[in-house]
Amino acid sequence: QVHLVESGGGWVQAGGSLRLACTADEGALKDYTMAWFRQTPGNERDYLGVISWNGRTIYYADSIKGRFTISRDNTKNTLYLQMDSLKPEDTAVYYCAAAVAGWGESADKYHYWGQGTQVTVSS
């Protein structure tokens with residue numbers, strides 16, 4: 001079991017940067033593969049990328065490759081999403097997610113979710 005709390009969302013102009021954090025305040029983050037998703041109203045949850053339990057393997061969706069960076073610090077029980085060169089189309093609610101084993105692009109592969117944090121990018 002792990003409880004995930006997200007922070008770092010906000011309002012930023014196009015071209016700016018934000019860093020999201022996802023902290024496990026219960027459970028050990030090192031026990032999980034971690035992923036980031038985002039969702040806009042009326043749409044399905046969109047996969048952004050995944051990081052292995054030890055941070056040695058990272059996969060990114062094409063939509064964010066080269067602009068966003070996923071990292072983790074298991075000593076701090078925290079997952080990060082560094083977002084640079086933000087675009088208005090990046091506006092969404094961002095979610096972190098944890099899986100007990102493996103990884104994938106489908107939201108149903110993940111067992112635990114953060115509460116979501118709003119990111120709004122203005123033009």
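When you check ILE51 against the structure, is it modelled with pLDDT under 95, open to solvent by less than 60 Å² (accessible area, probe 1.4 Å) and not small (Gly, Ala, Ser), yes or no? No, not satisfied. Note on region 22-60: residues that are over 19 Å from GLY9 (Cβ atoms), among the aliphatic types (A, V, I, L, M) and in contact with a Gly (Cβ under 9 Å, 6 or more places away or on another chain) total 2. Screening LEU79 against (1) buried (at least 17 other Cβ atoms within 10 Å of the Cβ); (2) farther than 17 Å from SER7 by Cβ leaves a single unmet condition, (2). Go through the residues of region 91-106 one by one and say whether even a single one is more than 12 Å from the chain's Cα centre (by Cα), among the small types (Gly, Ala, Ser) and over 22 Å from GLN1 (Cβ atoms). The answer is no, given that none of the residues of region 91-106 is more than 12 Å from the chain's Cα centre (by Cα), among the small types (Gly, Ala, Ser) and over 22 Å from GLN1 (Cβ atoms). Is it the case, given these coordinates, that ARG72 is more than 10 Å from the chain's Cα centre (by Cα) and either under 21 Å from TRP11 (Cβ atoms) or open to solvent by 40 Å² or more (accessible area, probe 1.4 Å) (or both)? The answer is no for ARG72.
Within region 1-48, if we keep just the residues that are small (Gly, Ala, Ser), outside any strand (DSSP E or B) and in contact with a strand residue (DSSP E or B) (Cβ under 7 Å, 6 or more places away or on another chain), the residue that is surrounded by the most Cβ atoms within 10 Å (Cβ to Cβ) turns out to be GLY9. So which residues in region 92-123 are under 14 Å from LEU48 (Cβ atoms) and assigned to a loop (DSSP other than H, G, I, E, B), if there are any at all? Once the filter is applied, which keeps residues that are under 14 Å from LEU48 (Cβ atoms) and assigned to a loop (DSSP other than H, G, I, E, B), region 92-123 yields TRP103, GLY104, GLU105, SER106, TYR110, GLY114, GLY116.
The values are calculated or read from the model by the stated rules, or taken from the named source; none is laboratory data. Treat the numbers as computed from the prediction; the structure is a model and nothing was measured. All Cβ positions, even for glycine, are placed from backbone atoms using ideal geometry, and neighbour counts span all protein chains on display. Ligands, DNA and RNA are stripped out before the accessible areas are found, and what is left, the full protein with its side chains, is counted by its heavy atoms. Shrake-Rupley method; radii C 1.70, N 1.55, O 1.52, S 1.80 Å.
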